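Enquirer: One structure follows; several queries about it will come next.
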Amino acid sequence: GRAWHLASRPVGRPRPEDFALRELPVAEPADGEVTVRNLHLSVDPYMRGRMSDVKSYVAPYAVDAPMDGGAVGEVIASRAPDRPEGTLVVHHLGWREYATLPARHTTVIPADAGGDPSGGNDISPSAHLGVLGMPGLTAWAGLLEVGGLRPGDAVFVSGAAGAVGGLVGRIARLKGASRVVGSAGTPEKIRLLTEEYGFDAAFDYHDGPIRDRLREAAPEGIDLYFDNVGGEHLEAAIGALRVHGRAVICGMISQYNATEPPAAPRNLAQVIGKRLRLEGMLVNDHNASRPRFLEEMTGWLRSGEIDNRETVVHGIDNAARAFLDLLDGGNTGKMIVTLDS
Ligand code: NDP
């Protein structure tokens, strides 16, 4: 099989030459292990951080080694009785065609939620990399557990057409937010937010200044900001937050390729006068909530209140390109790489 390796550490914006698709031998499964043929690979913004040699909550990728990440695949060889051949699993050895790993490091996809190998169900297995997976849990737990969304809150979310942001807005709507406002990077994404996702207002952040666009979209201010972007977005949100407002600091994608420290938010001191709560979050802290999250989100998927938005790129050869496109906003909803057999 083939696997994407980190060929060199990107400086600033990653280039295609920073990645290399190389042969990786497929190991036979030892006792307790399975070999998985990957069907869908996840590319995610946090991977940009792992490409740099900085200390963080996840270890950096090693140069000239295969990268890893979320994946969905089918067990094709098994020495684990509870993962027979044909089982569909979620696991962490993505960026490659085949993976051999301990069965206990895989999660079986429930048959009624995309895990029926004959495809006899209405949920795509790839949903476990998006709406039912890590981004879904991030949105749900970030908004409800960290942000403490209350009915009547006016909510602003950046990166609103992406995997996490698109769910934050729709969950806020379902949970009784009084106003849901979003920002994203193209006119098509803005239309999606207002015409399909039920946002009350949305703006393209290229039509800045963001502070002015946000004031038009939320003239009475906001109670809760879900930050996927950082920088000027966070500065504008601090300006728009009402007294005792809260901000969930989930991501700062505007800075992931930066080589200089950001100038904004220049108004961070308002946090004090307004007694704001800006709280960082990590999805890994919320694993205990996964069953409740899955139950609620699966219900919304089944009822059609939330749908599984994906941008699908085909073929292992295009995985690095898909990651670069993700950083450039080429995705709507979850960016997925599907490996066609
Ligand atoms: P998305 O699906 O939202 O993809 C990334 C999006 O970021 C792009 O589609 C692009 O959309 C947008 N973007 C890129 N550059 C900029 C920029 N300079 N300014 C504004 N927007 C930009 O990714 P995810 O939903 O997976 O992740 C969203 C955020 O959540 C990321 O910051 C990520 O790191 C974070 N995250 C944090 C987790 C945690 O545990 N704390 C867990 C999971 C994700 P556009 O066209 O709108 O520019």
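Enquirer: Of a type outside the set (Asp, Glu), within 16 Å of the chain's Cα centre (by Cα) and not assigned by TED's automatic domain parsing to the domain that holds Pro45, is that true of Ile272?
Expert: no
Yes or no, residue by residue, for (1) within 16 Å of the ligand (Cβ to nearest atom); (2) surrounded by fewer than 18 Cβ atoms within 10 Å (Cβ to Cβ); (3) over 27 Å from Leu324 (Cβ atoms); (4) within 21 Å of the chain's Cα centre (by Cα):
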{"site": "Pro16", "(1), (2), (3), (4)": "no, yes, no, no"}
{"site": "Glu28", "(1), (2), (3), (4)": "no, yes, yes, no"}
{"site": "Glu33", "(1), (2), (3), (4)": "no, no, yes, no"}
{"site": "Tyr46", "(1), (2), (3), (4)": "yes, yes, no, yes"}
{"site": "Thr87", "(1), (2), (3), (4)": "no, no, yes, no"}
{"site": "Val90", "(1), (2), (3), (4)": "yes, no, no, yes"}
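Enquirer: Given the structure, is Ser289 outside the structural domain of Asp68 (by TED's automatic domain parsing), surrounded by 12 or more Cβ atoms within 10 Å (Cβ to Cβ) and not aromatic (Phe, Trp, Tyr)?
Expert: Yes: the conditions hold for Ser289.
Enquirer: A follow-up question, please. Check off (1) of a type in the set (A, V, I, L, M); (2) surrounded by fewer than 18 Cβ atoms within 10 Å (Cβ to Cβ); (3) under 18 Å from Asp328 (Cβ atoms) for Met51 and give me the number that stays unchecked.
Expert: (2)
Enquirer: Also, I was wondering about something else. Give the residue that is surrounded by the most Cβ atoms within 10 Å (Cβ to Cβ), with candidates limited to residues of the range 92-119 that are polar (S, T, N, Q) and free of Cβ contacts under 8 Å to residues at least 24 places away in the same chain.
Expert: Here the answer is Thr107.
Enquirer: From the list Ala264, Ala236, pick out the single residue that is within 25 Å of Gly329 (Cα to Cα), within 13 Å of the ligand (Cβ to nearest atom), more than 19 Å from the chain's Cα centre (by Cα) and assigned to a helix (DSSP H, G or I).
Expert: The unique qualifying residue is Ala236.
Enquirer: Additional query: Residues being in a helix (DSSP H, G or I), within 24 Å of the chain's Cα centre (by Cα) and more than 7 Å from the ligand (Cβ to nearest atom): count how many of those fall in the range 239-256.
Expert: Here the count works out to 1.
Enquirer: So, in the range 140-163, exactly how many residues are near the ligand (Cβ under 8 Å from one of its atoms), farther than 24 Å from Glu216 by Cβ and of a type in the set (A, V, I, L, M, F, W, C)?
Expert: Residues in the range 140-163 being near the ligand (Cβ under 8 Å from one of its atoms), farther than 24 Å from Glu216 by Cβ and of a type in the set (A, V, I, L, M, F, W, C): 1 in total.
Enquirer: Hey, among the residues in the range 170-183 that are within 19 Å of Glu279 (Cβ to Cβ) and touching a strand residue (DSSP E or B) at 6+ places or on another chain (Cβ under 8 Å), which one's surrounded by the most Cβ atoms within 10 Å (Cβ to Cβ)?
Expert: Ala172
Enquirer: While we're on this one: Quick check on my filter: what residues within the range 289-335 are touching a strand residue (DSSP E or B) at 6+ places or on another chain (Cβ under 9 Å), assigned to a helix (DSSP H, G or I) and over 23 Å from Leu193 (Cβ atoms)?
Expert: Ile316, Asp317, Asn318, Ala319, Ala320, Arg321, Phe323, Leu324
The values are calculated or read from the model by the stated rules, or taken from the named source; none is laboratory data. Everything numeric here is computed off the predicted structure, so don't read it as measured data. Glycine also receives a Cβ, built like all others from the backbone with ideal geometry; neighbour counts cover every protein chain displayed.
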